[in-house]
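The values are calculated or read from the model by the stated rules, or taken from the named source; none is laboratory data. The shown structure was predicted, so the numbers you read here are calculated from the model rather than taken from an experiment. Note that we place each Cβ from the backbone using ideal geometry, even for glycine, and neighbour counts take in every protein chain shown. The area values use the complete protein model at the heavy-atom level, side chains included, leaving out ligands, DNA and RNA. Shrake-Rupley method; radii C 1.70, N 1.55, O 1.52, S 1.80 Å.
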Amino acid sequence: MRKVWVAGGAAIGLGLSFVMLLVVGVYIVAGNLAGGAAAGGVGLAKGAVPAAYQTLVQKWGNLCPAINPALLAAQLYQESGFNPGARSPAKAQGIAQFIPGTWATHGVDGDGDGDRDVWDPEDAIPSAASYDCELAKYVKDVPGDPSANMLASYNAGAYAVIRYGGVPPYRETRNYVKTITTLAKSFAAPVARVDPSRQAAGAIAYAQSKLGTPYLWGGTGTAAQSGRFDCSGLTQASYDKVGIKLPRVANDQYNAGPHPARNELLPGDLVFFSHDPNDSRAIHHVGIYVGGGYMIDAPRTGAVIRFDPIDGGDYFGATRVTEDGAKALPTHV
């Protein structure tokens, strides 16, 4: 089996070269979307996949009913951050993170050049899709969602899925299935529009354009800082682009608007994390919520701007900084 979890830094290789449009609401106007899907199929959001691989992912993501281009893109992003040169301590290799034994059995000559090269995305991406579809066939008679069973087979093996009659009760496997299915929504071209706040959409788009940028303590994105940010520098710059002025530091940004509850979050809300669950002055981190339980943030020294889950032990709360979004919040008495 291939290695499932890749360190967050694996996305650095190509992270600077693409903007991943996380479609959650969906915010982006129809004219800015490029799906490339057949009628009734799943397309890719514009810019969600590096241009060099978009056609491959769109084509091979339709290989069988259990997968689609967005799901395949989510797997590749999770495995390697779209880095064709990625290596893992478990000896997983390439953009799809095949280990040598699995590649020897399941690698295909996707580009028809006479060889099967794990380091060549034109072979590795078709091989990933082909492997997914083979796993889906193994578990086709298992109850439940075929894609979830396929992903569980990818992680834990088809035997475990058959044995348990669906996604097995392994924490790693269930987290993997949840992560990939959530991310897949992020890569899919929307079929409808929801536009609660164009300012929030613009702020998210700006933050997305900085994915893969290395973190810098005190960074506000200036030329002298090589365009790098810390967490509150990123949120400040993102909203500055749409005409909303935020304070510089995270615990001051918390007071820049009303506070939606966890179940009221909308894309564009600022989400905060604190060392003390009862003290906003102990806030140490902020990100921009993008939906599906994820944010874009500049995490820490040594990391890059990336997607991270928001649900952790130090989640403190959220702030809605757009006027129209704030008006949409329920009134709490």
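Observations on the model:
- Each of the peptides 217-229, 310-322 was scored by the mean count of other Cβ atoms within 10 Å over its residues; in descending order, highest first, they stand as 310-322, 217-229.
- Contact order relative to length of the range 278-333, as percent, for alpha carbon pairs under 8 angstrom and 6 or more apart: 21 percent
- Annotation: for a label point projected 7 angstrom from Cα along Cα→Cβ of A223, residues of the range 239-274 with backbone N closer than 20 Å are 241.
- Area accessible to solvent at E264, 1.4 Å probe radius, in Å²: 40 Å²
- If you take all other residues with their beta carbon under 13 Å from the beta carbon of E323, and give Lys and Arg +1 and Asp and Glu -1, the sum is +3.
- For A207, net neighbour charge (Lys/Arg +1, Asp/Glu -1) across residues whose Cβ lies under 11 Å away: +2
- Here the Kirkwood formula puts the hydrodynamic radius of the range 43-197 at 15.8 Å, using every distinct Cα pair.
- For the range 51-187: relative contact order, % (alpha-carbon pairs under 8 angstrom, 6 or more apart): 22 percent
- FRET efficiency estimate (nearest 0.05) - Cβ-Cβ, R163 to Y315, R0 41 angstrom: 0.70
- Scattering from the range 193-333 was approximated by placing one identical point on each alpha carbon and applying the Debye formula without solvent; log10 I(q)/I(0) at 0.22 1/Å stands at -1.47.
- Simple rule: put +1 on each Lys or Arg Cβ and -1 on each Asp or Glu Cβ in the range 51-187, find the dipole, and look at T179, G101, A70; the Cα lying farthest toward the positive end is T179.
- Averaging the sequence gap over all C-alpha pairs within less than 8 Å and six or more residues apart, then dividing by the number of residues, gives the range 164-241 a relative contact order of 22 percent.
- Put the Cα centre of the range 234-295 next to the Cα centre of the range 79-142 and the gap is 39 Å.
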